[in-house]
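Let me begin by presenting the structure, written as structure tokens, before commenting on it.
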Amino acid sequence: MNRAIVVGATGGTGAAITAELVKRGIPVIAFGRSLQKLKDLAVELGSPAHLSLAVGDAFRSKDILAAADGVDVLFHCANVPYHEMADKLIPLGEAVMEAANQKHLKVVAIDGIYPYGRRQMDKVTENHPKQPHTKKGKVRLAFEQMLFSDRWTEVQTMVVRLPDYYGPTANQASYLGSTLEAIAQGKPAFFIGNMVVPREYVYLPDAAAMVVELACRDHAYGQNWNIPGAGTISGKEIVRIARKASGKTKPVIPLGRVGLSILGRFVPVMKEVIEMLYLTEEPLLLSAEKYKREIGPIKATPFEEGINATIHALQSQRERSS
């Protein structure tokens, strides 16, 4: 990889991948809509000389083309809110792919586990059937099919799948990110879904390291890859660790179907979460076998360490901004 561009660089996964590229000394362009957020990211990363900033709209291929000079790898980390997914996800992807096609780029697309549908294996491999039963799962599967379409004759693409994630950059971008942010601030928090059933989460700095490692391997393109977490953990245990790290014990309220329906009257995205609650009741656990066999060891920060680091980083960010 000679030079990369991260589309959606100020989002949860985009910021973590940008940080990993900077850490490795790889020249990188952080692309996003907000100049202020891009500047804040640069400051957070120490304003290194090999980090460039580019403001643009990922729905506009020409904006990406204008920013991508000298690039050979594009990380597609841009996303859309749940309630806009059906209408906007594929047009967004098509704009990114059109730019990549014109530039003859490799594309690393970050996605989730929705296309798998209900679990049919104890540990879900990349060969797990894709039989989504939800609207968002079906849209995500169509998104993958678009990415691998033969329309893009000049692009090499891989799709990297993450479970729900957490970390200093997650914020509102994941179910758990918003919960940890509220706990770090000493505010009452919501926890989406079942707090008793253990689920898989990946620490974003770990995920970013594994994603960038994949991006550096030519043979990894043209395939799907799972990025597993450090095992499973219950919501109750997450909250216990986070409260201890923050030194605060405000209430954490679990949100099931009824709570999300009520909240969804005021916050549309919350209503859209309801159909995905099956993942909090019948969790998927991603297999690490393909990654370990073809790439190397899994990076898996223990939950106690990762949650502690996340809470302390979020508190430091808040102190600097106040």
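The values are calculated or read from the model by the stated rules, or taken from the named source; none is laboratory data. Computed from a prediction, not measured in an experiment: that's the story for all the values here. Note: ideal-geometry Cβ built from the backbone for every residue, glycine included; neighbour counts use all protein chains shown.
Here are the numbers for the structure shown:
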quantity: Of all residues making up region 284-317, the number that are more than 28 Å from GLY247 (Cβ to Cβ) and in a helix (DSSP H, G or I); calculated: 6
quantity: Residue in region 260-274 that is of a type outside the set (Lys, Arg), closer than 16 Å to MET195 by Cβ and modelled with pLDDT under 85 present; calculated: yes
quantity: Selection within region 117-131 - at pLDDT 95 or above and surrounded by 18 or more Cβ atoms within 10 Å (Cβ to Cβ); calculated: VAL124, HIS128
quantity: Complete set of residues in region 93-125 that are farther than 26 Å from ASN2 by Cβ and under 18 Å from the mean Cα position of the chain (by Cα); calculated: GLY112, ILE113, TYR114, PRO115, TYR116
quantity: Evaluation of ILE192 against (1) over 13 Å from the mean Cα position of the chain (by Cα); (2) surrounded by 18 or more Cβ atoms within 10 Å (Cβ to Cβ); (3) within 28 Å of HIS219 (Cβ to Cβ) (one fails), failing number; calculated: (3)
quantity: Cβ-Cβ under 6 Å pairs, at least 6 apart or on other chains, region 97-111 side closer than 23 Å to MET210 by Cβ, far side among the basic types (Lys, Arg) and modelled with pLDDT of 95 or more; calculated: ASP111/ARG161
quantity: Entirely in region 1-64, the strands (runs of 3 or more DSSP E) that have 2 or more residues that are within 20 Å of the chain's Cα centre (by Cα); calculated: 4-7, 28-32
quantity: Residue in region 301-320 that is at pLDDT 95 or above, among the aliphatic types (A, V, I, L, M) and surrounded by fewer than 19 Cβ atoms within 10 Å (Cβ to Cβ) present; calculated: yes
quantity: Of all residues making up region 235-269, the number that are surrounded by 13 or more Cβ atoms within 10 Å (Cβ to Cβ) and within 14 Å of GLY186 (Cβ to Cβ); calculated: 9
